[in-house]
Structure formats: structure tokens, C-alpha cells
Amino acid sequence: MDKLSLPRPGCCKWAEGDSGNYTFPCNVRVEAGVSYCADHAAIVYIPPEERRRSRPNGGGMNLSFRRAA
Ligand SMILES: [Zn+2]
């Protein structure tokens, strides 16, 4: 069992990696109902004008994570 294959409860759910092979390298603790630490939330919840400038390539999986909050 790869214990890095799922986000830890109570911890930041920031994911890195390719589809089917994600890791959750961020161990920052977050409050119940909060998906990401402050640093990663700032990356995930990018304002539309910022996202237009630097679009992630093929981030299909990221979309579902963005809705997890
Ligand atoms: Zn984080």
C-alpha cells in the first residue's frame, strides 16, 4: 500500500504528479472542511485573470480537486 496515494485527513490535499500517480507532499494541517493550506489555496484558487495568463496544461484532474472544497 502506498500511503502517499491518498490525502491525509486534516492535512492539505495539494496533489502533485500525473494521472493515476499522485502524491500529496504537503503535510500542513488544515481545519475541518478546508482542503488546502494557505499557500496552496492561493495557487488552486487563482483569479480568472491570472489563470488566463498562465494556463495549466491538461489539468483535468486538478479541476475535480478544485471543487473538493
Ligand atoms: Zn499545502
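Somewhere in the range 46-60, is a residue assigned to a loop (DSSP other than H, G, I, E, B), modelled with pLDDT under 65 and on the phi > 0 side of the Ramachandran plot?
Scanning the range 46-60 turns up at least one residue that is assigned to a loop (DSSP other than H, G, I, E, B), modelled with pLDDT under 65 and on the phi > 0 side of the Ramachandran plot.
Is there any pair linking a residue in the range 27-51 that is farther than 14 Å from Pro7 by Cβ and within 15 Å of the ligand (Cβ to nearest atom) to one that is charged (D, E, K, R) and outside any loop (DSSP other than H, G, I, E, B), with Cβ under 8 Å and at least six apart or on different chains, and which?
Between residues of the range 27-51 that are farther than 14 Å from Pro7 by Cβ and within 15 Å of the ligand (Cβ to nearest atom) and residues that are charged (D, E, K, R) and outside any loop (DSSP other than H, G, I, E, B), the close pairs are Tyr45/Arg66.
Working only within the range 26-44, note down all residues that are of a type outside the set (Lys, Arg) and more than 10 Å from the chain's Cα centre (by Cα).
Asn27, Val28, Val30, Glu31, Ala32, Gly33, Val34, Ala38, Asp39, Ala42
The values are calculated or read from the model by the stated rules, or taken from the named source; none is laboratory data. Fair warning: this is a prediction, and the values are worked out from it, not measured in the lab. Don't worry about glycine lacking a Cβ; one is built from the backbone with ideal geometry, like all the others, and counts go over all protein chains shown.
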